[in-house]
Structures are given as structure tokens and as C-alpha cells.
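Below you'll find the structure, written out as C-alpha cells, and then a few comments.
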Amino acid sequence: MSGFVEKPEPLQVPGLVHLHTGKVRELYQNEAGDLVMVASDRTSAYDWVLPTEIPDKGRILTQLSLWWFDRLADLVPNHVLSTEPPAGAPADWAGRTLICKSLRMIPVECVARGYLTGSGLVEYRESRTVCGLALPEGLVDGSELPAPIFTPATKAAVGEHDENVSYEEVARQVGADTAAQLRQATLAVYGRARDIARDRGVILADTKFEFGFEGETLVIADEVLTPDSSRFWPADQWQPGRAQPSYDKQFVRDWLTSAESGWDRHSEQAPPPLPQHIVDATRAKYVEAYERLTGTAWV
């Protein structure tokens, strides 16, 4: 069992129809048929959406995504139409709202990996493959791969695991042409972002994207290259053979699995609220990621 510890009641805003509550985002539709995405400060771990929020998290995710969209525009168009909250929206929506094109979304998590860790490492240890792609012997946690790889996953509902699948399975599900476009776009965007991050002393270990179609045009959607959708490591601390320090919610995961939390992740019990020192440390990592990547102070 997993999902929301305490599922929020979505705000009702005049002129908007609420469509969906995600792990982090609330999704609405306006009268013109455009999507209105509002990034909350919710955080999730181990398939649970936790009862404790991380202040500013939704704004950081939104502003960092916008920064990346600007740097990727020549590779793939994005879905953003406006960043102005709709009339009548709460003041808190400022900085965390995107008005977006309504796309025909492709039900595939498009993952690019340049380094071996996470679920890819688990599969590699069993079979020397990731999503069916053969990799060399001798790789360890944090190893850089010979070349970046496209390792897609099926999209899961809130509270369920995404499942890694082969490229062939993606082609079977969405068609060979679309699968080829997804792989090309995913690796192109990853390559651009990896180089930008590297120049700022940050390793982009892996990341996931979502795409949809506007007519026949492939468009990148949702968030992009944030600490929620990517593994960012400080380059000066990279050391293959161990878990890497990271700019994300690893503090949350580590605390939840510690004796201090008293929570068993394999039980059916909901996780407890986060203590203030974990909230503060997690927020600091999100801010640091934003500032190191963009070169500007978070205000």
C-alpha cells in the first residue's frame, strides 16, 4: 500500500476545472482548453507522498524548468505558453504556475543515463544489462557509462512503481517512428544538459523526460532537469564504488529508513512527518542545485 499520506483537497478557482492531483502538481484546465500546472511544495519518497512539505520546492522546480526550457529550445519545443497565474488564482500560485499547451501525451517515461546507479545498477548486477542493453563488465555504483543510454519506463499511477522496459517494448506500444523520435530527443537533451551542468561543476547522472505531440510535432512537457526528475551530483565529490552525494531529496530517503524515523518502508504503514532539520537540509539542497546550475541566487 502507498500513495498520499494525506491527500489534499484541490483548490477550486473560478474559470478552471481541476483535472488531476499528482505527487507534486495540481493540474487544471482553463476555458481556452489550455492546461494550468501548479507545482506544490509536496515531496514523495518510496512511492508515498509525505505529509510534510518542503518550503519553496514547487517554485524552485518551476523556475529551474523554465531556465532549462530556454536552453533546450533549439533541440525540442516545449509546452509553456505563459507563467502568469490565471485571474482569481491564489497569491501563492505566483512563481509556481505554468500555462501549457494541451498535448497528446506519450505514456512513456523517457530516461537517459550517463552513469550507473539506482534501478539501472540493480539490473546491471543481475544481468550486466539495463533495459536489455548490454554493458561492459566491471562497472560499479556511480560509474560513467561508455556513452549515454536511453532506458525507458512505463508510467505508473501515484503510489505505484514505474517499470523499466526495453526499447523494443516502447516501439511495440507507441510505434517504431515515435520510439525513434523519443530516443533521439531524450539523448540530445541529456547531452546538452550534461555539458551545461558539467561546466558548473555538477554531474547529471540520469534524468527523465515526458513528451507529447502537438499535431505531428514532438514537444517536451511537464518539468525538466530538476532535482525531482534528475540525479545531480557535485563533480568534485564523485567517487565510483559508493553512493554519491546528491542535490535532491536523499536526506528524506535516508531519514525515513533510519532508526530515528521508526518507519519500516516494507510495511503498509504510512511514513511519519519529517523533522524540521530534514526539511531544512532538503530545501537547502534544492536551493543549492538551482544556484549552482543557473549561476543566480535564489530569492
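The values are calculated or read from the model by the stated rules, or taken from the named source; none is laboratory data. These figures come from a predicted structure and were not determined experimentally. Neighbour counts run over all protein chains shown; Cβ positions are idealised from the backbone, glycine included.
Structure data summary
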item	result
Tally, over the stretch 1-52, of residues that are free of Cβ contacts under 8 Å to residues at least 12 places away in the same chain and either of a type in the set (Ser, Thr, Tyr) or buried (at least 20 other Cβ atoms within 10 Å of the Cβ) (or both)	0
Any pair with Cβ under 7 angstrom, 6 or more apart, that starts in the stretch 138-149 at a residue that is touching a residue at least 24 places away in the same chain (Cβ under 8 Å) and closer than 13 Å to Leu121 by Cβ and ends at one that is assigned to a loop (DSSP other than H, G, I, E, B) and polar (S, T, N, Q)	Asp141/Thr117; Gly142/Thr117; Gly142/Gln239; Gly142/Gln244
The stretch 111-120 - residue that is outside any loop (DSSP other than H, G, I, E, B), modelled with pLDDT of 95 or more and not aromatic (Phe, Trp, Tyr) and, of those, farthest from the chain's Cα centre (by Cα)	Gly114
Qualifying residue in the stretch 154-164 (condition: buried (at least 18 other Cβ atoms within 10 Å of the Cβ), of a type outside the set (S, T, N, Q) and either at pLDDT below 95 or over 20 Å from Tyr46 (Cα atoms) (or both))	no
Filter result for Ser246 (more than 17 Å from the chain's Cα centre (by Cα), farther than 19 Å from Gly58 by Cβ and hydroxyl-bearing (Ser, Thr, Tyr))	no
Identity of the residue in the stretch 130-151, more than 22 Å from the chain's Cα centre (by Cα) and buried (at least 18 other Cβ atoms within 10 Å of the Cβ), that ends up nearest to Thr186 (Cα to Cα)	Leu135
